[in-house]
1. Return only the number of the condition from (1) in contact with a helix residue (DSSP H, G or I) (Cβ under 7 Å, 6 or more places away or on another chain); (2) surrounded by 15 or more Cβ atoms within 10 Å (Cβ to Cβ); (3) over 14 Å from L77 (Cβ atoms) that R122 does not satisfy.
2. Can you tell me which residue within the stretch 146-180, out of those that are of a type in the set (A, V, I, L, M) and surrounded by 15 or more Cβ atoms within 10 Å (Cβ to Cβ), is farthest from F69 (Cα to Cα)?
3. Being within 18 Å of P116 (Cα to Cα) and β-branched (V, I, T) is the filter here, so list the residues in the stretch 1-38 that pass it.
4. Looking at V128, V159, V141, which is the one that is modelled with pLDDT of 95 or more and assigned to a helix (DSSP H, G or I)?
5. Restricting to the stretch 70-113, and then to whatever is without any contact (Cβ under 8 Å) to a residue 40 or more places away in the chain and part of a loop (DSSP other than H, G, I, E, B), can you tell me which residue is nearest to E158 (Cα to Cα)?
6. Which residue is surrounded by the most Cβ atoms within 10 Å (Cβ to Cβ), if the candidates are limited to the stretch 39-49 and must be touching a Phe, Trp or Tyr at 6+ places or on another chain (Cβ under 8 Å) and under 18 Å from C139 (Cα atoms)?
7. Could you identify the single residue in S55, S24 that is touching a Pro at 6+ places or on another chain (Cβ under 9 Å) and not in a loop (DSSP other than H, G, I, E, B)?
8. Is one or more of the residues making up the stretch 68-82 surrounded by 15 or more Cβ atoms within 10 Å (Cβ to Cβ) and hydroxyl-bearing (S, T, Y)?
Amino acid sequence: MHGIIFQELQQYVESKLGNEIWVSLLQAAGMEGRVFMPTKSYPDEEATALVTIASEMTGTPAAEILEDFGKFIVPDLYKLFGMLIRPEWKTLDVVENAERSIHTAIRAKDPNAKPPELACTRLGPDEVLIEYSSDRKMCAVAVGIAKGIAEHYSEKIEVTHDTCMLKGDPVCKIGFKRVD
């Protein structure tokens, strides 16, 4: 997993729980004193371990932490990738075009980067379905990012997530519907 995600995770934990909790997470995961560099890649298992330990420490399910983390990183994602987002786009447009614009750019810049694969289908003007596929199975982050994008545009969305890799399905099918 890309180091920038670990840096974002550190910022998330420190802002939500405090600096001392981040240090405790690293210690509990056997990574005491670890500093994550934004341009390096790190084993996915390290992110999973940090989230699992945070879940155990807080009593918050890992999926809730990952979704909240997804919402949290949206402002920084806009700073990094805002130039790839068309000015006329809103929430569902960004979700629909994330694979084609943002993930393609990430892979072109760093061939070792492995963002999830998103197959998007526009079901109507107010609805998008994504098929999420990733060995990491962190679909909750994608849901959180979509919710954070909706907040960015002051829109409201409903999310359905009937098919999930965490339940043994081959892909996650996540529906996003804009509501008034």
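The values are calculated or read from the model by the stated rules, or taken from the named source; none is laboratory data. In this text, all values refer to a predicted model and were calculated from it rather than measured experimentally. A quick note on method: Cβ atoms are made from the backbone with ideal geometry, for glycine too, and the neighbour counts reach across all protein chains shown.
1. That leaves (2) as the condition not met.
2. Looking at residues that are of a type in the set (A, V, I, L, M) and surrounded by 15 or more Cβ atoms within 10 Å (Cβ to Cβ), I get V171.
3. I4, I5
4. V141
5. Filtering the stretch 70-113 for residues that are without any contact (Cβ under 8 Å) to a residue 40 or more places away in the chain and part of a loop (DSSP other than H, G, I, E, B), the one nearest to E158 (Cα to Cα) comes out as W89.
6. Applying the filter and picking the extreme gives A47.
7. S55
8. yes
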